[in-house]
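Visitor: Have a look at the structure that comes next, please.
No lab work stands behind these numbers, since they all come straight from the coordinates. Predicted, not measured: the structure shown is a model, and the values here were computed from it. With ideal geometry, Cβ positions are generated from the backbone for all residues, glycine too; neighbour counts draw on all protein chains shown.
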Amino acid sequence: MVTFIASSAVRLLSHPTESATASSRFFFRREPFTVKTKSLLAVVSAGALLATLAGCSPDVSAGGSTDSAGGDAGSCSNTIVNKDAPQVSVWAWYPNINTVVDMFNKSHDDVQVCWSNAGQGADEYAKFSTAIAAGTGAPDVVMLEAEVVPGFILQDALVDLSEHGADDVKANFSAGAWKDVSSGDSVYAIPVDGGPMAMIYRADIFTKYGITVPTTWDEYAAAAQQLKDAGGPFMGDFGSNVPAWFTALMTQNGQKAWDYESADPQKIGIDLNDDGSKKVADYWQDLVKKGLVDTKDQFNTDYIGGLANGSYATYVSAAWAPGYLTGAGASTEGDGAEWKAAPLPQWDPANPVSVNWGGSTFAVTTQAKDKDLAATVAKELYASDEELQDGVDTQTIFPLNQKMLASDAFADTPVKFFNGQTANKDVYIPAENAYEGYTYSPFTTYYYSELTKSMVSIIDGSKSGSESLDDLQKTMTDYAKAQGFTVK
Amino acid sequence: MTNPAAVLRAPSRRRNLRRPWIGWLFIAPFGVIFLVFLVAPLVYAFYLSLFSKGLATGTIFSGAGNYVKAFTDPEFLSGIWFVIRFAVILIPIQMAVSLAAALVLDALTTRLSRFARLAIFVPYAIPAVVGTLMWGFLYSPTFGPLTDLFKVVNQSAPEILSSGNIFGGLLNIVVWQWAGYYMIIIYAALRGIDPSIYEAARIDGAGPRQIAFRIKVPMISSAMALILVFALIGTLQFFTEPQVLRPISNGSITSSFTPNIYAFDLAFRFSQFNYASTISFSLGIVVFIAVYIFLFASRKRRGGLS
C-alpha cells in the first residue's frame, strides 16, 4: 500500500513540465476576467474536496458522549442508560462484557460505563501503549492481565488505586490475587478473573489404559510412559507458545524469578536458573525426548481439535480451561469424551504449591480525567452478584471475588463440561485460596518472547533444559542492563 | 509612447507568478494527504529514531547510536539475511511462473484462456490474511489433506511449518498469491505489442517459440523490471504471511523472523518505539540499497532495448 502511494506520488511529481505546459496553454488564450473566474472555481473546488476529506475523520462519534469523563477513547459499543450521569470509558474483551455493562449501567445512577473492545490481549496492549506514548487516546479504565501491569506502571500509565479507595475491596480477594496487582503498599489494578492451575484429564482414556490419576510429576511421567507403551495418545503437550504456563510450572518448584518493586523501579533481581527451575525444564525435555508429550502450539484449531478427538490424555491448564474449551467447540457431547478435573500434580506432595496461569484485572489509566470515578468503575464492574453470576453461568470468567468463591451455590455447581463434577469445590477453589501470588517483571512480554525461544530449544534438543535456562538468565540480565535497570 | 516590450513583459510576469500556485492548488488535495499521512509520519519516525529510551531510563539524544546498534544487532541482521535469501529464491520462481502463464495465455485464443486468466488471478483477489489462514489449514497435520495423502504411501506427513520447512511453506504461499498479479502485468504488456511485428517475424521464418523468446520477452523487459522491483520491495518488507502463521508455527516464527516483524514487536509488544523506528529506517536503507543495486545493474541492458 505504502509502495503504491509512493510510486503514484513519484509519478505525479515527476511530470511537472507536462502539467505546467497544459495549464499555461489553457490560460494563455483567455481574457484576464476568465482566468480569475477559473482560478476562483479551482479554489472553491479544491476547498470543497478538502472539506470532504476532513469529514472522513473519525471524530463523528456515535455514542454522543459529549459529557464523557474521558472523551478520546472512541465511542461506546453499548447503550447509555442514564444519559445525565458522567461516563467512564472502558476497554475490555470478556465475551459477556456487553451484558455485564448493561447490568452495571442499569444499576448505577452516578456513573455510566462506555465500553468498547480494543482487541484481545496483545492487540489491546499495542493500542494502549501507543496511546500512552502519544499522551492521548487511552480509555479511563483498561482491562489488563496481571502479568503486564508492572510494565505499564513503569510507563506511568496506571494510577495507584490505594489513593482511590482500593482497600475497600481488598477483603474480597485472596492474598495471592491481591499480591499479583500490588507492589509494596500500592495497588494498581482490581482483580476480576483468575487462573488457578489444575490438571484436566480424559477419564475415558485413563480407564481404557488403566491409569490412576497422577498426584505428583513423577507419577505423571510414569503414567505417560504407561500410555505410550500401551499405544495410547500423548499424555499432554509442551507448546512453545505458552511461556506463561511454563513460568507457572517453574514457579511451582520454587522459582522466584523477579525481585522487583514498582516503588523502586530502577532495580531488579533476576533468578531464572535456580535448581528447581532446571529440574522442571529437564523434566519436560525428557518427556518430549521420549515422545510422551506433544510439542504443538496451543490456542489454535489444531490443538483444540487434538483435545477434542482424544490425542491428549491430560491438559495441564487453569480454571478458565473448561469455559475456553466449550467456547472453542471441544464439547463433551457426542464424541464420548469424558473430562474430569484433578489438582495439579506436585513436586513435593507434603508441601503442595498452587500456581496461577492467566487471569485479568481492571486498571485505571493516568489519562482518566476523573480518577475517583474511574476507580469506582474498576472496583464495581464484575463485582455485583448479578454480574458475577453471569460470568460464571456463561463460563467466561473464573471469579476471584470471594463473594462468589465462598458461596455454596458456586462451590456446589455441577460443571457440565466435567459431566457434573463439582470441579469448583473439588479443585479450583482450594487451588485459588492456596495461591500465594507472584511478582512479575516490568518486561513480561519480552521475557515471554525469550522464554519461547528457550522452550523451542528445549523441544528441538539443541540445548539441555538447564543450559537453556542458563542462557535465558544471561539474556534477561543483559536486556535489563541495556534497558537501564540496576541488576541486583 | 508605450514601449512594446513592456506590454509584452507584463502579462508574462503575471503568468509566471500565477502558474506555480494554481498548479499547487490542483495537487493540494493529494498533496495534503501525502504530507499528512506519508511525509509527516516518516519525519516523525526519523526524529524518534535519533533518541533512545530504556524502560528504566529517560529519553536521551543518541544521534546515530541506534543505527550503529541496529546494524550490529544479530536479531535484525538475521531477519535481513532471511528476507534476502527469501527474495533470491522467490523472485526467479515467481517471475518464471508468471511469465510462463502470461506467454501461454497470450498465445491461446480459445475461450479457455479467459477462464484461465481469471483463475490464475483469483489468489491475488483474496486478502492476504485470508489466503494465509487457508494455507495454514492446508498445511495442518490435523485438518489438512497432507496427512491423508501421505497415509496412502504409508508415510507420515511433513510438518511444513517446522523451523526447517517454513521457508518452503512461505515460498509456496507468496508465489500462489502474487504470480497471478504479475501475470496480469506481463499479459497487459504483451497485449501492447504491435501484432505486425509478429507478422514480420513469421515472414522471416520465426516459429512460435522463437517469437516468444526472441520477440515477446525482450519487448516486455521493462514490465519484467517493474515487477522485479515490486517483488523485491515486497519481499524485503515481508510481514503479513509470517505474522498470520505465527500462532500455529510451533515457535519457528520468532519475534525477529523478518525485520518488519521485529520492528512491530519492538514497538507494540516491547514498548521500544525509538529503536523500532530505527529498525524501520534501517530496513528502508537496505531496501533502497537493494533496489538501487538492481536498477544500476539492469540499466545498461534495458537502456539498449527501450
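Visitor: Could you calculate the contour length gain from A:Glu163 to A:Ser464, that is, 0.36 nm times the residue separation minus the distance between their Cα atoms, to one decimal place in nm?
Guide: Length gained, A:Glu163 through A:Ser464: 103.6 nm.
Visitor: Give me A:Asp102, A:Asp156 ranked fewest to most by other Cβ atoms within 10 Å of their Cβ, as a rough exposure proxy.
Guide: Fewest-to-most Cβ neighbours within 10 Å comes out as A:Asp156, A:Asp102.
Visitor: Output the relative contact order of chain B, whole-number percent, from Cα pairs under 8 angstrom with separation of 6+ residues. Kindly include the intermediate steps, with their values, before the conclusion.
Guide: On the way: 266 pairs, mean separation 82.8, N = 306.
Relative contact order comes out at 27 percent.
Visitor: Let me ask something else. Between beta-carbons, use under 11 Å as the cut-off and find the net charge around A:Val288, counting Lys and Arg +1, Asp and Glu -1.
Guide: Values: positive: A:Lys289, A:Lys290; negative: A:Asp237, A:Asp282, A:Asp286, A:Asp294, A:Asp460.
Its environment carries a net charge of -3.
Visitor: Now for a separate question. If you count, for each residue, the other Cβ atoms within 10 Å and average over each peptide, how do A:265-272, B:264-271, B:71-78 line up from highest to lowest?
Guide: For the peptides A:265-272, B:264-271, B:71-78, the packing ranking is B:264-271, A:265-272, B:71-78.
Visitor: Just the Cα atoms of the range A:408-488, one point each, no solvent: what log10 I(q)/I(0) does Debye give at q = 0.15, 0.20, 0.21, 0.26 Å⁻¹?
Guide: Results for the range A:408-488 at q = 0.15, 0.20, 0.21, 0.26 Å⁻¹ read -0.74, -0.86, -0.90, -1.15.
Visitor: Another question about this same structure. Within 10 Å of each residue's Cβ, count the other Cβ atoms and sort A:Tyr260, B:Tyr67 from fewest upward. Spell out each step's value before the answer.
Guide: Working: A:Tyr260 23, B:Tyr67 17.
So the residues, fewest neighbours to most, are B:Tyr67, A:Tyr260.
Visitor: If you don't mind, there's one more thing I want to ask. Among B:Phe82, A:Phe417, rank each residue by its count of other Cβ atoms within 10 Å, from fewest to most, as a rough exposure measure.
Guide: Ordered by Cβ neighbours within 10 Å, fewest first: B:Phe82, A:Phe417.
Visitor: Another question about this same structure. I want to check the label-to-label distance for A:Lys290 and B:Ala116. Put each point 7 Å from Cα in the C-beta direction and report it in nm to one decimal.
Guide: Going from the A:Lys290 label point to the B:Ala116 one covers 5.8 nm.
Visitor: List residues of the range A:81-102, by number, whose backbone nitrogen lies under 18 Å from a label position 7 Å along Cα→C-beta of A:Thr394.
Guide: Residues A:81, A:90-102 fall inside that zone.
Visitor: Have a look at B:Ser222, B:Ser52, B:Ser156 and tell me which one the Gaussian network model of chain B (Cα, springs below 10 Å) gives the largest fluctuation.
Guide: With Cα springs under 10 Å in chain B, the top fluctuation among B:Ser222, B:Ser52, B:Ser156 is at B:Ser156.
Visitor: Which whole number gives the average count of other chain Cβ atoms within 10 Å of the Cβ atoms across peptide A:103-114?
Guide: Averaged over the peptide's residues, the number is 0.
Visitor: Among the listed pairs A:Lys278/A:Lys463; A:Lys208/A:Lys289; A:Lys290/A:Lys463; A:Lys83/A:Lys106, give every one whose C-alpha distance is greater than 20 Å.
Guide: A:Lys208/A:Lys289
Visitor: Pop the C-beta distance of B:Val153 and A:Asn309 into the FRET formula with R0 = 22 Å and round what comes out to the nearest 0.05.
Guide: 0.40
Visitor: Can you give the net charge of the other residues whose Cβ lies under 11 Å from the Cβ of A:Lys379, counting K and R as +1 and D and E as -1? Intermediate values should be presented prior to the final figure.
Guide: Details: positive: A:Lys170; negative: A:Asp167, A:Asp168, A:Asp372, A:Glu380.
My count for the surroundings of A:Lys379 gives -3.
Visitor: Can you tell me the FRET efficiency between A:Asp478 and A:Ala434 if r is taken as the Cβ-Cβ distance and R0 is 41 Å, rounded to the nearest 0.05?
Guide: 0.70
Visitor: Under the definition of partner shielding as Cβ atoms of other protein chains within 10 Å of a residue Cβ, what is the mean value for peptide B:252-262?
Guide: Rounded to a whole number, the mean comes out at 2.
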